[in-house]
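Step one of this worksheet: look at the structure below.
Computed from the coordinates by the stated procedures, all read-outs in this text should not be read as laboratory data. From a predicted model like this one, the values you see are computed outputs, not experimental measurements. Don't worry about glycine lacking a Cβ; one is built from the backbone with ideal geometry, like all the others, and counts go over all protein chains shown.
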Protein chains: 2
Amino acid sequence: MSAAATSSNKPPPSKDHHVHTYSGDAFPLGYVVGAVHAGIKKKAGALDLGVLASTADRPCAAAACLTRNVFKAAPVTVTAELLNTSGGRARGFVVNAGCANAVTGKKGLEDAWTMSKTVSSLLPPLASTSASEQPGTLVMSTGVIGQHLPIKNITSALPDVTSHLSSSPNAWMNLAKAFMTTDTFPKLRARTFKLGDRVVRMAGIDKGAGMIAPNMGPPQPPHATLLGVVATDAAVAPSALQSALNYAVDRSFNSITVDGDMSTNDTILCLANGAAGKVEDEGRESAGAAMEEIQEGSAEFGVFKEELREMAEELAKLVARDGEGATKFVTIRVKNGPSYEVASAVAKSVASSSLVKTAMYGEDANWGRILCAVGYTPLPEGTIDPTKVSVTFMPSASCADSTPLKLLTNGEPEPNIDEDRASVILQEEDLEVLVDLGAGSEEARVWTCDFSHDYVTINGSYRS
Amino acid sequence: MSAAATSSNKPPPSKDHHVHTYSGDAFPLGYVVGAVHAGIKKKAGALDLGVLASTADRPCAAAACLTRNVFKAAPVTVTAELLNTSGGRARGFVVNAGCANAVTGKKGLEDAWTMSKTVSSLLPPLASTSASEQPGTLVMSTGVIGQHLPIKNITSALPDVTSHLSSSPNAWMNLAKAFMTTDTFPKLRARTFKLGDRVVRMAGIDKGAGMIAPNMGPPQPPHATLLGVVATDAAVAPSALQSALNYAVDRSFNSITVDGDMSTNDTILCLANGAAGKVEDEGRESAGAAMEEIQEGSAEFGVFKEELREMAEELAKLVARDGEGATKFVTIRVKNGPSYEVASAVAKSVASSSLVKTAMYGEDANWGRILCAVGYTPLPEGTIDPTKVSVTFMPSASCADSTPLKLLTNGEPEPNIDEDRASVILQEEDLEVLVDLGAGSEEARVWTCDFSHDYVTINGSYRS
């Protein structure tokens, strides 16, 4: 893995080190991917249409976490229907950036179906499966709401995509670029781990910079807060895959916020094609004997679930780090809460405060705003005892002095806060605020970014 | 009333016409007010400490709506205690700007009591009331959180304030200025109306530009979202005054939002001293026979309640108009909702969206973001039917063409939206978005402002 981007659209130098490149054996077996510029994004040559297809002969298990917005975008509706009718199976997905195909009425729905069916018709049918049982192609779109897709551009470009699908690292990177809208860098991660007697691989892509808000509802079914996919060559039963995805999304994508706006298009997909080789035979050329699908409750399921959570956390943090206009990556950690839910609610309240986020941007140690946001967390009266709350700035790893800087202890402000030290801590790119509720032992973390002039610039003229 | 400000700290020319000045007979009888620069604000000469006292011999009825933030500022705690122990009576209030005296621990509480008691000791005792029953002075503070008041400056300056109290229009305007923090203009309004056989008057002052968020909780007791006071010379029983204030606050201050941050200091006070003259004897020099206190349920109570609501709405809209960095005043009107609560929740969701607010700032007709925010209103599933929702831009009164511009009708986007017309409408200072839920007959309005570069500038360096 190296930190160099190979893109012609270079990310800003400060974000360069978040772009990871991988060698060919890092990616899951049995997938081919590709992307082109179809003219959906205005910028010439910008990749805006991508496809991922499984080459395994049996249909992939597939799971999704989808937005709960009442105005579900057409691709969300189509993806949900495909998964429902297939019992959690899919061939792959098609994604476009530049137009969300959201609030586009009946025509939007037709367009999303056209995208899905065109890709399915261009891929060779699975020999193992009858013509009527061929699994469908899931759909994701991101970009401007309320405009129709340039569907002719898309259908014209799709044969070019599907005829050049590849498993190369470059193809994976291009697919990640086809997800990008206001993102400043492509978000691609890969990992390899042992699952029983298999070596399995997992690749993840996501995008998201604005219209990012955490899930405030119950965990089933969670909504995701961005567009993302994790593809693995592990074999996992569809119901187990959905369960693992719900668990992972709640602890990752549902724990980030950029601007509090829950999108119409939020989609996290997870695909598992079972193409992984055996441990003793893990060369890329060898697919080994077919792996049996993991079921919920097994030891392998526990391992897979945690690996998926870690991958999802890594991808989710990239979104917070690349929040629109972000100059800081901010972790809000709340410890000693009476429950995970309370700790998480407090962390989300602080992470969502415009005043906290602008103070972080201004590198202003205005910690009163942190307290204020702790105090207005919507919780039953009496849940938080203000005389037991402590707040501390945690210096980032690159600070010379790693001593935590206490601001408030048991509701009383520290008598002589070292403002110079606070200022040094706030100059770092990575900031961490620790809130101790003094009321239990549960901990939650939420990741966000600061709120800058550029956020306003980006969103004041997004369409133009 | 004229539109000219008499301030040395002139508001920006564009806000000039929101500063109203009044003749002496516009203000309620039986109150004296004043303000000085005590050195709490850094700027030399900026008024930052004010007092209002009733000169009526009987104690004022007093009511308050206070923040629900867990971290209640010291002045909020003191005001609540004074009202609780007196059964809703007060002598007047003291207010300071520049330091919120919030999250300041035990010393903060002592300081707030010192402010209150110092003013009480400086005012002549009421002859009608025994020494132990003298009503107290309520306290309000606004400014930076987490710093101690410069209490010596305040106690030194208070005799100067109380020895120069006056009922002049200039004194009222100065009191309004002593409320200001990031406000760009002082917010003072007065009105006169008939109540039974009396002519009564009402004066209102408020402040607020940031840390403004609506009440999401149940209406009893409402929290207010800013600092404000309404003083009237009507006589109203304390319980009736509290009831009228709750009603008014819910439909005014609880229906505005600037940045979604609920303050530690939110306080709306209402004082009623009963000094109004009779209709046939309404000269300022004559206080007439003592007016009997209005009780809840009477015809006069209904009139008073509506007058108070109108005053509160007028004051609340000024806060949205003067939101930190605001260049637009935005009304979100939601009609044909199944209930007031649903209509209000949808309006608040749209009014709170950073993406809607930055689009308004950029004069970008990105109406998809409006839809998106309607769609993520936290409501039980099925409450909103996306196929019945319509969205329209309402041109402001100063637009040449007053025809509403339809964007979405029954969930389908209008086929050919006139973008040039949308652009003309969005160039106005006053914007109105109409959302029709097509699901009932209830209506709610929420007032907000746009989200500009200046918001970030103001809040990225508030303390420096």
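Before moving on, here are some points about what is shown:
- The alpha carbon centroids of the stretch A:138-177 and the stretch B:91-132 are separated by 67 Å.
- Principal axis dimensions, the protein assembly as shown - Cα atoms, whole angstrom, descending: 100, 62, 44
- Estimated from the Cβ-Cβ distance and a Förster radius of 45 angstrom, the FRET efficiency linking B:K194 and B:E110 is about 0.50.
- Within straight-line cross-link reach of A:K305, lysines at Cα separation under 23 Å, skipping those fewer than 8 residues along the same chain: A:K187, A:K194, A:K207, A:K278, A:K317
- A straight Cα-to-Cα reach below 18 Å connects B:K42 with the aspartates and glutamates A:D364, B:D183, residues fewer than 8 places away in its own chain not being considered.
- Each part reduced to its alpha carbon centroid, the stretch B:375-415 and the stretch B:289-316 end up 36 Å apart.
- Separation of the A:S423 and B:D430 label points, Cα + 7 Å toward Cβ, nm: 4.6 nm
- Across peptide B:350-363, the average count of Cβ atoms from other chains found within 10 Å of a residue's Cβ is 5.
- Sorted peptide list for A:69-82, B:116-129, B:237-250, criterion being average Cβ within 10 angstrom, highest first: A:69-82, B:237-250, B:116-129
- Over 23 Å (Cα to Cα) - which of A:K357/B:K177; A:K72/A:K117; A:K117/B:K388; B:K15/B:K406; B:K43/B:K106 fall in this group: A:K357/B:K177; A:K117/B:K388; B:K15/B:K406; B:K43/B:K106
- Computed E for A:S398/A:E292 - FRET, C-beta separation, R0 35 angstrom, nearest 0.05: 0.15
- Helix screen, chain B: DSSP H segments with Cα axial length of 30 Å or more and mean Kyte-Doolittle hydropathy at least -1.0 are B:299-321.
- Sorted by Cβ neighbour density within 10 Å, fewest at the top, the residues A:E432, B:E429: B:E429, A:E432
- Across all directions, the average flat footprint of the convex hull enclosing the Cα atoms of the stretch B:13-321 is 14.5 nm².
- Gyration tensor (alpha-carbon) shape descriptor, the stretch A:329-460, a/c threshold 1.5: oblate
- Label geometry 7 Å along the beta-carbon vector: A:Q295 inter-copy distances in nm: 7.5
- For the stretch A:329-460, the relative contact order is 46 percent, taking Cα pairs closer than 8 Å that sit 6 or more residues apart in sequence and dividing their mean separation by the residue count.
- Inter-copy separations for B:D420, label at 7 Å along Cα-Cβ, nm, ascending: 6.2
- Virtual paramagnetic centre 7 Å along Cα→Cβ of A:K152, amide N under 16 Å, in the stretch A:25-46: A:38-40
- For A:K152, the label point sits 7 Å beyond Cα toward Cβ; its separations from the matching points on the remaining copies run 8.0 nm, from shortest to longest.
- Per-residue average of Cβ from other chains inside 10 Å of B:389-396: 1
- 10 Å Cβ neighbours from other chains, averaged over peptide B:63-70: 4
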